[in-house]
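To keep things clear, I will list the structure first and then write my remarks on it.
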Amino acid sequence: MKALCWHGKGDMRLDTVPDPKIEHPRDAIIKVTACAICGSDLHIYNGVIPRMEHGDVIGHETMGEVVEVGSGNRALKVGDRVVVPFTIACGECFFCKRGFYSGCERSNPDMKAAEKLWGHSPAGLFGYSHLLGGYAGGQAEYLRVPFADSGPIKVPSGLSDEQVLFLSDIFPTGYMGAEFCDIQRGDTIAIWGCGPVGQFAIRSAFLLGAERVIAVDTVPERLTLARAGGAETLDFRQEDVYDRIQELTKGRGADACIDAVGTEADATASADSVLDRVKTATFMGTDRPHVLRQAIHCCRNFGTVSIIGVYGGFLDKVPMGSAINRGLTFRMAQTPVQRYLPGLLRRIEKGQIDPSFVITHRAALADGPDLYKTFRDKKDGCIKVVMRP
Ligand SMILES: NC(=O)c1ccc[n+]([C@@H]2O[C@H](COP(=O)([O-])OP(=O)(O)OC[C@H]3O[C@@H](n4cnc5c(N)ncnc54)[C@H](O)[C@@H]3O)[C@@H](O)[C@H]2O)c1
Ligand SMILES: [Zn+2]
Ligand SMILES: [Zn+2]
């Protein structure tokens with residue numbers, strides 16, 4: 001089959017690789033009808049994710065038609081149309097039973113490496129390095145889905161691929177980011193990053209009752225889309241983010257702040273941002289947490305900082321003094337996608353949201369290598385790429 005494979009920093013190729021096979025009775029194989037490129041894939045593309053190997057098939061936002069099921073899988077049958085969560089979870093372990101699917105203790109076959117880095121291993125993920133299971137990803141013609149009797153959600157035929165594909169990741173992720181904020185009537189939520197994840201955080205914040213959303217980015221078309229979703233926007237290259245948020249919140253700070261940027265924050269003129277660049281370039285640091293620092297400073301006393309942008313290692317100069325003295329709450333996670341699927345599918349069916357609003361580019365798998373570059377460089381108005389193998 002054809003698949004998008006990683007061959008080093010900035011080097012994605014359309015390769016021919018062996019077709020996936022059923023390896024366990026609970027597996028299913030799906031023929032991919034639509035897949036997307038995520039901001040998390042850009043961390044791989046940019047070479048900041050450890051333990052990638054040449055030829056790894058990547059991609060974790062995938063849906064398609066079931067073409068084969070394992071002998072022990074009673075939940076799916078050939079012909080079912082499903083969306084596959086990016087988090088691989090057994091559905092039965094200590095964590096899965098509590099709804100913490102992205103903490104599944106059975107889906108990462110090589111837990112030792114993750115334990116060494118993080119203390120404990122999270123769940124395995126599709127197409128996301130050998131640290132997280134080394135599973136082949138879904139930017140491919142076919143995908144093997146482990147624990148397929150518990151993860152994938154069947155979708156009704158009345159909804160198009162483009163309306164449901166993002167249930168695999170970015171819609172639940174943005175929603176979780178807003179849910180973490182425990183939004184009360186009258187709340188103002190500040191959101192850093194108007195990429196696809198930030199866009200879903202903005203809309204979810206309003207779905208959950210926020211009165212105002214202040215969205216921060218610098219890319220014009222992303223700010224425009226944020227305003228279309230009801231947010232007031234702020235360009236971090238044109239304005240002082242802290243000062244403006246102070247102004248907009250009567251000097252108190254935002255009730256909750258969502259970091260939907262993560263480890264690869266764009267450089268700003270600030271000293272901390274320059275220092276992050278130097279430290280990561282010289283292997284003295286692992287992440288560039290400029291946005292997290294800013295989100296902490298901009299959050300009101302006893303507010304919540306919700307972190308959905310991904311970080312990898314040991315964050316430097318995070319102002320914990322500000323956080324503890326002012327009673328901040330931190331919430332963060334790789335999204336336990338399965339937990340959100342039924343509720344969010346219902347919201348789509350009821351017409352409360354049509355997730356296809358973020359799509360700017362539709363293409364074939366063969367266009368993938370070029371589109372990785374376009375998406376990374378935010379060229380050609382690119383906000384979200386969907387490919388049809
Ligand atoms: N927690 C999860 O389970 C989960 C799931 C999906 C994605 N993610 C993460 O969410 C983040 C966003 O993903 P995406 O697909 O939207 O990616 P993206 O790269 O398209 O968007 C990031 C946005 O942040 C903006 N940005 C950069 N520096 C900024 C700054 N200093 N202030 C404000 N905005 C800034 C960029 O201009 C860009 O628009 C990534 O880190 C990704 O890995 C997490
Ligand atoms: Zn993702
Ligand atoms: Zn589990």
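The values are calculated or read from the model by the stated rules, or taken from the named source; none is laboratory data. Remember, it's a predicted structure, so these values are computed and weren't measured experimentally. Ideal geometry is used to build each Cβ from the backbone, glycine not excepted, and the neighbour counts take in all protein chains shown. Side chains included, ligands, DNA and RNA excluded: accessible areas come from the protein's heavy atoms. Shrake-Rupley method; radii C 1.70, N 1.55, O 1.52, S 1.80 Å.
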*Taking N as the number of residues in region 17-160, what is its alpha-carbon radius of gyration divided by 2.2 N^0.38 Å?*
1.01
*Inter-label distance for I359 and D110, nm, one decimal - labels placed 7 Å from Cα along Cα-to-Cβ*: 3.5
*Build a GNM of the chain with springs between Cα atoms under 10 Å: which of S150, S204, S270 gets the top mean-square fluctuation?*
S270
*Where Lys and Arg each count +1 and Asp and Glu each count -1, what net charge lies around F147 among other residues with Cβ under 10 Å from its Cβ?*
-1
*May I ask you to rank M176, M284 by accessible area, largest first, using a 1.4 Å probe over the protein chains only?*
M284, M176
_Compactness index (Cα Rg / 2.2 N^0.38 Å), region 263-321_ = 1.11
*Run through the DSSP bridge list for the chain and note the antiparallel percent, rounded to the nearest 5.*
50
*Heavy-atom accessible area per residue, the chain, 1.4 Å probe: how many Å²?*
42
*So what's the back-of-envelope 222 nm ellipticity for the chain, counting only DSSP H runs of four-plus at -39500 (n - 2.57) apiece and dividing by all residues, rounded to 500?*
-8000 deg cm²/dmol
_Using DSSP to call loops (not H, G, I, E or B), can you name the trypsin sites (Lys or Arg not before Pro) in region 157-258 whose Cβ has at most 14 other Cβ atoms within 10 angstrom?_
R185, R237, K250, R252
*Of K2/K379; K9/K116; K77/K97; K97/K379, which pairs sit farther than 31 Å apart, going by alpha carbon to alpha carbon?*
K97/K379
*Let me have the relative contact order for the chain, percent, based on Cα pairs under 8 Å that are six or more residues apart.*
17
*On the protein heavy atoms, probe 1.4 angstrom, tell me the percent of accessible surface of the chain carried by carbon and sulfur.*
52
*Lys/Arg Cβ at +1, Asp/Glu Cβ at -1, dipole of the chain taken about the Cα centre: which of V83, F100, I153 is farthest positive-ward?*
F100
_Estimated FRET transfer efficiency (D11, R388; beta-carbon r; R0 25 Å; 0.05)_ = 0.60
*For the chain, rounded, prolate or oblate, judged on the Cα gyration tensor with a ≥ b ≥ c (square roots of eigenvalues), a/c < 1.5 rounded, else prolate if a/b > b/c?*
prolate
*For region 71-153, just say rounded, prolate or oblate: build the C-alpha gyration tensor, square-root its eigenvalues into a ≥ b ≥ c, call rounded for a/c under 1.5, and beyond that prolate if a/b exceeds b/c, oblate if not.*
oblate
*Report, in debye and to the nearest 20, how large the dipole of the chain comes out about its Cα centre when Lys and Arg carry +1 and Asp and Glu carry -1 on their Cβ.*
600
*Nitroxide proxy distance, nm - points 7 Å out along Cα→Cβ at D243 and A323*: 2.8
*Please identify the longest segment of the chain free of exposed chymotrypsin sites (Phe, Trp or Tyr not before Pro), where exposed means a DSSP state other than H, G, I, E or B and no more than 11 other Cβ atoms within 10 Å.*
1-282
_Between D235 and A267, what is 0.36 nm times their sequence separation minus the Cα-Cα distance? Round to one decimal in nm._
10.2 nm
*How much net charge surrounds Q199 when only the other residues with a Cβ under 9 Å from the Cβ of Q199 are counted, with Lys and Arg +1 and Asp and Glu -1?*
+3
*How compact and how long is region 187-339, expressed as Rg and Dmax of its alpha-carbon atoms in Å?*
14.7, 44
*Work from the charge dipole of the chain (Cβ charges, +1 for Lys and Arg, -1 for Asp and Glu, about the Cα centre) and give the residue of V17, F206, L131 farthest towards its positive end.*
F206
_Cα lying deepest toward the dipole's positive end in region 284-389, options I383, V358, V305, charges on Cβ_ = V305
*How high is the relative contact order of region 5-155, in percent, with contacts defined as C-alpha pairs under 8 Å that are six or more residues apart?*
29
